[in-house]
Amino acid sequence: MMTTKTTIRVNIPQDAYDVRIAPGGLDYLGAWLSAEGTPLVKPGQKVLVVSNPVVFELYGERAIASLTQAGYQVCQCILPAGEQYKNMASIEKIHDAAYENRLERSSAMVALGGGVIGDMTGFAAATWLRGIAVVQVPTSLLAMVDASMGGKTGVNHPKGKNLIGAFHQPRMVLIDPQVLETLPVREFRAGVAEVIKYGVIWDEPLFEALEAANRLDDFTEVSDDLLQTMLKHSCQAKADVVSQDVKEAGIRAILNYGHTVGHAVESLTGYSKINHGEAVAIGMVAAARIAEAMNESDWDGAATARQQVLLEKTQLPTQLPDGINIDEILVALKSDKKVSEGKVRFVLPKKLGEAFVTDQVSDEGARRVLKAIVTE
């Protein structure tokens, strides 16, 4: 069992915070928030724990016990599980709970769950009383390595993914790898998609470590050393990038590798047919093929094939789902939040460990690649 503890500092001016990777750390949530001398949230304050029924049944009692023992007044808000509930109606429910429990500006919200809960709780905290503290306690691999860090919060609009939101940095991110033992296999694979992303855009040694693994499709088959590498390298990569570019004015855009086509696929399938990591995997296949076809970097067919092998080893989809219309994807791309001056901005790999952003991908070029990955 993984026992190594790691702390990664996200050095954002005026909003710096720690990402704690600590097996069993869930039981120290309250103690770390109330740290003597410089508490992140003062003991005695109200803390609203936001979760979904599945996660709360597994870990809610431990989180609440830890917070209560540290002297916090704890209340809870349980939302339905699923991307389809990532909307303004759910935000209203969190705000209702905040009002009913009289949360003040000195209060805090704790997101106990995956990326959906984390995004919604962060947005609710950003907009309650014009902003109160939020603490991220991710329980899925995807949320651990991506969604819980960087301060992006928000919900989906019926016409597009994550179109409504705000930047709101957490006071702390607590990653307890032991909770992954109860994560469904499909959700674990979704998280590995984001880990592969970091290997492609930022961290070639991470990519090579994944290549050396016998299996990536099941948590029980991943060694403790590899899990430590996946968590530490992914979180460090995201910390490095967001510390340089807090609000995605430049380099932070590379974190959207695979997300341009991925978000369109998620939206067009109603956020229910495939999950976020699966959509990102499909998007990475498309982006790699576009980069290869453009022939404007060192990315070539061999690199595309190496990425394909990793995705297949994780048993992630690498083709568009049945019934999806390519013309609809191209229209959806125009509504993506990364569109600038009417042009779709794609994140493409330059070589392993490096990526770039371009608005020079033609509709016809994108169409050719999408046709090539239609499910046969």
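Since every read-out is calculated from the coordinates, none of them should be taken as a lab result. Note that this is a predicted model, so its numbers are computed, not measured. Because the Cβ atoms are built from the backbone with ideal geometry, glycine has one as well, and the counts that use them run over all protein chains shown.
At-a-glance table
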item	result
Volume in Å³ per residue [convex hull over Cα atoms, computed for the chain]	124
Sorted by Cβ neighbour density within 10 Å, fewest at the top, the residues 273, 197	273, 197
Sum of side-chain charges, residue 7 neighbourhood, beta-carbon under 11 Å (Lys, Arg +1; Asp, Glu -1)	+3
Proportion of all alpha-carbon pairs of the stretch 301-376 beyond 21 Å (%)	39
Cα-centre dipole for the stretch 1-86 with unit charges at Cβ (Lys and Arg positive, Asp and Glu negative), debye to 20	120
Listed residues 339, 135, 74, most fluctuating in the chain (Gaussian network, C-alpha, under 10 Å)	339
0 to 90° range, to nearest 10: angle between helix 301-313 axis and the chain longest Cα axis	50
In Å, descending, principal axis extents of the Cα set of the stretch 178-243	32, 23, 18
Extension gain (nm, one decimal) between residue 245 and residue 358, 0.36 nm per residue minus Cα-Cα	38.9 nm
Rg in Å to one decimal, and Dmax rounded to a whole Å, for the stretch 198-320 via C-alpha atoms	14.8, 40
Computed log₁₀ I(q)/I(0) - Debye formula, equal Cα scatterers, no solvent, the stretch 47-173, q 0.14, 0.16, 0.21 Å⁻¹	-0.51, -0.68, -1.23
Three-way shape call for the stretch 250-376 based on the alpha-carbon gyration tensor, with the a/c threshold at 1.5	rounded
Point-to-point label distance, residue 84-residue 102, nm (Cα→Cβ direction, 7 Å offset)	3.9
Charge context of residue 33, other residues only, Cβ under 12 angstrom, K/R +1, D/E -1	+1
Total formal charge among the other residues, if their Cβ is under 13 angstrom from that of residue 22, Lys/Arg +1 and Asp/Glu -1	0
Lys, Arg +1 and Asp, Glu -1 on Cβ, resulting dipole of the stretch 222-339 about Cα centre, debye, nearest 20	280
MRE, 222 nm, helices only [DSSP H, n ≥ 4, -39500 (n - 2.57), over the chain, to nearest 500]	-12000 deg cm²/dmol
Net dipole in debye of the chain [+1 Lys, Arg Cβ; -1 Asp, Glu Cβ; about Cα centre; nearest 20]	980
